[in-house]
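Since the structure comes first, as structure tokens, the remarks are kept for the end.
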Amino acid sequence: MFKQFLSKLPRKSSKPDSNELNRTSSGPVSSPVQRSGASGGGGSGPVRSNSGKRMSSAVFPASVVAGIEPLVPFKDVPSSEKLNLFVSKVSLCCVTFDFSDPSKNSIEKDVKRQTLLELLDFVASGSVKFTEPAILAMCRMCAVNLFRVFPPNYRSSGGGGENDDDDPMFDPAWPHLQIVYDLLLKFITSPCLDAKMAKKYLDHAFIVRLLDLFDSEDPRERECLKTILHRVYGKFMVHRPFVRKSMSNIFYRFVFETEKHSGIAELLEIFGSIVSGFALPLKEEHKIFLWRVLIPLHKPKSVGNYFQQLSYCITQFIDKEPKLGSVVIKGLLKFWPITNSQKEVMFLGEVEEIVEAMSVMEFQKIMVPLFLRIACCVNSSHFQVSERALFLWNNDQIVNLIAHNRQAILPIMFTALEKNAQNHWNQSVLNLTLNVRKMFCEMDEALFMSCHTRFQEDEAKQCSAAEKRKEIWARLENVASRKPVTGKTAVLVTPLATSIAC
């Protein structure tokens, strides 16, 4: 069995087919063992054979049963044959196994693991420049081992928001997958890899499948993918626009279709580092990404899972171009949560961070709608929302902006502050309200008294209108009680029926 298996390994380097990787990464491989000849040269040194022991593999794409025999170590072959041996070892690692049963094919799994570790040491040593057959074989092996579709039950709790407190799911094959990921990372970052040559095989299809893996429930896998994608973006400049576009498509699908994805936080973390490297002035496509992707990402109910990374990306944009601050504030007001208090608290925190960096001119563009919303938050019955809104006055930069524009802001805020001071149930909120009220009074006492007079007049008008409504309803009830009941006419059962609390 081993002699037949090893006889299929190539003896001479052959020109690789540039389309083979695309076929491998876009669909199932017919048989990694049978197709190993397409990977390039094989090991020409002596091979240790152990045909007396019969070993069977667990999962073959075409149900091929064969054994994995470890090839000779790299140190036992001359330098001229090391790349051929590398391709042979990589081809053997294209055999996949079922890791859900640890006791199944344990010998074969261990042999493959040792081979992967040997490949990892060889790539890390950087002793030989990789040829096209070696690059093709490496990319094909990674595609066979890593690219997979997650079953529905594997993703049922991912990114939806209802099960955020559940423990993360761990892939039973991770000890094996981790070595493959480490090998791919070392391969991509190796100085022996020519980016111009490798871009034919680390192509768009490969990148799309790599991005699909970010939906894994295993946080360890997403962490590895984050590092690898960052290195791919840094090394292959020709793929950068495609990487950004593909990431945007994932965000679009998440926001406007599924609201389920496990790797949004990791993808945003990568994009944060990408934004920090944007040249000035910002291109129009980058501003469109901010408006169409980053701001709508505030909408999903699971925003708390990735809010820190999202806020960092937006801050990077504003640091690059401060004029975008008013654009972001308008977007936040558009997607402002009404019934989710925790999201309101997060939004208020982000608003503080953005307004703090604003110029007076940009602040004036959005101050009226912004403080209308803040006034509603100050009046919130949820004490955390009200408290967080009042904490804005602890920021010296924001207080300076308010002081410069107090003629427009104080009339908006005065009613909310007075109602809080009179009626709010929480003592902490009440104390903060009185402090802010005192701060406004010290800023401009004349304006404060003018607003106070107007507030009293408005209150008197509202009381008068309420009394008139009450009198009208009393007259209607009196007339209705005297009118005889005929047929199916609706009647007022009791005068108290109209006194419904608002």
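The values are calculated or read from the model by the stated rules, or taken from the named source; none is laboratory data. Computed from a predicted structure; not experimentally measured. Here Cβ is always computed from backbone atoms with ideal geometry, including for glycine, and neighbour counts include all displayed protein chains. Heavy atoms of the whole protein, side chains included, go into the accessibility calculation; ligands, DNA and RNA do not. Shrake-Rupley method; radii C 1.70, N 1.55, O 1.52, S 1.80 Å.
If amide H atoms are built 1.01 Å from N in the plane of the peptide, which residues on other chains or at least 5 residues away come under 5 Å of the amide H of Leu282?
none
Quick one: length gained pulling Lys320 to Arg292 fully straight, 0.36 nm per residue minus the C-alpha distance? Working shown, then result.
Working: separation 28, 0.36 × 28 = 10.08 nm, distance 1.80 nm.
Gain on extension, Lys320 to Arg292, equals 8.3 nm.
When all protein chains stay in place, what accessible area (Å², nearest 10, 1.4 Å probe) is found for Tyr233?
30
Give a residue-ordered list of calculated ³J(HN,Hα) values for region 423-429 (Karplus: 6.51 cos²θ - 1.76 cosθ + 1.60, θ = phi - 60°; whole Hz; x for Gly, Pro).
Along region 423-429, the couplings run 10, 5, 7, 8, 5, 4, 5 Hz.
Could you give the size of the charge dipole of region 393-450 about its Cα centre, using +1 on the Cβ of each K and R and -1 on the Cβ of each D and E, expressed in debye and rounded to the nearest 20? Show your work: numbers first, answer last.
On the way: 4 positive and 5 negative charges, 32 e Å.
Here the size comes out at about 160 debye.
Can you compute the FRET efficiency between Gln427 and Ser100 using 1/(1 + (r/R0)^6), with r the Cβ-Cβ distance and R0 = 51 Å? Round to the nearest 0.05.
Details: r = 57 Å, r/R0 = 1.11.
For R0 = 51 Å, the calculated efficiency reads 0.35.
Would you calculate the separation in nanometres between label points at Ile338 and Arg113, each defined as 7 Å from the Cα along the Cα-to-beta-carbon direction?
Between Ile338 and Arg113, the label points sit 5.6 nm apart.
In the neighborhood of Cys451, defined by Cβ-to-Cβ distances under 12 Å, what is the net charge if each Lys or Arg adds +1 and each Asp or Glu adds -1? Kindly include the intermediate steps, with their values, before the conclusion.
Numbers: positive: Arg406, Arg437, Arg454; negative: Glu418, Asp444, Glu445, Glu457, Asp458.
The answer is -2.
Take Glu257 and Arg482, extend 7 Å from each Cα along the Cα→Cβ direction, and tell me the distance between the two endpoints in nm.
The two pseudo-label positions are separated by 6.8 nm.
Too long at a 19 Å Cα-Cα cut-off: which of Lys199/Lys245; Lys196/Lys226; Lys129/Lys186; Lys245/Lys287; Lys301/Lys334; Lys75/Lys235?
On the way: Lys199/Lys245 17 Å; Lys196/Lys226 23 Å; Lys129/Lys186 13 Å; Lys245/Lys287 14 Å; Lys301/Lys334 15 Å; Lys75/Lys235 30 Å.
Among Lys199/Lys245; Lys196/Lys226; Lys129/Lys186; Lys245/Lys287; Lys301/Lys334; Lys75/Lys235, the Cα-Cα distance tops 19 Å for Lys196/Lys226; Lys75/Lys235.
Treating the beta-carbon of each Lys and Arg as +1 and of each Asp and Glu as -1, no other charges, what is the dipole magnitude of region 264-401 about its Cα centre, to the nearest 20 debye?
For this selection, approximately 540 debye.
Picking from Gly272, Phe307, His261, whose Cα lies most toward the positive end of the charge dipole for region 202-325 (charges on Cβ: Lys, Arg +1; Asp, Glu -1)?
Gly272
Roughly speaking, to the nearest percent, how much of region 365-477's 1.4 Å accessible area is carbon and sulfur?
C and S fraction of accessible area: 53 percent.
Among residues other than Leu117 whose Cβ falls under 12 Å from its Cβ, what is the net charge (Lys/Arg +1, Asp/Glu -1)?
Numbers: positive: Lys89, Lys112, Arg113, Lys186; negative: Asp110, Glu118, Asp121, Asp182.
So the environment of Leu117 carries a net charge of 0.
Could you please put Arg253, Arg482, Arg406 in sequence from largest to smallest accessible area, using a 1.4 Å probe? Please list the in-between numbers first.
Working: Arg253 110, Arg482 180, Arg406 75 Å².
If we order Arg253, Arg482, Arg406 from most to least accessible, we get Arg482, Arg253, Arg406.
Along Cα→Cβ, 7 Å out, is where each label goes; now give me the distance between the ones at Gln178 and Ser450 in nm to one decimal.
Distance between the two pseudo-spin positions: 6.8 nm.
About the Cα centre of region 365-477, what is the dipole size in debye to 20, counting +1 per Lys and Arg Cβ and -1 per Asp and Glu Cβ, all else neutral?
With Lys and Arg at +1 and Asp and Glu at -1, about 300 debye.
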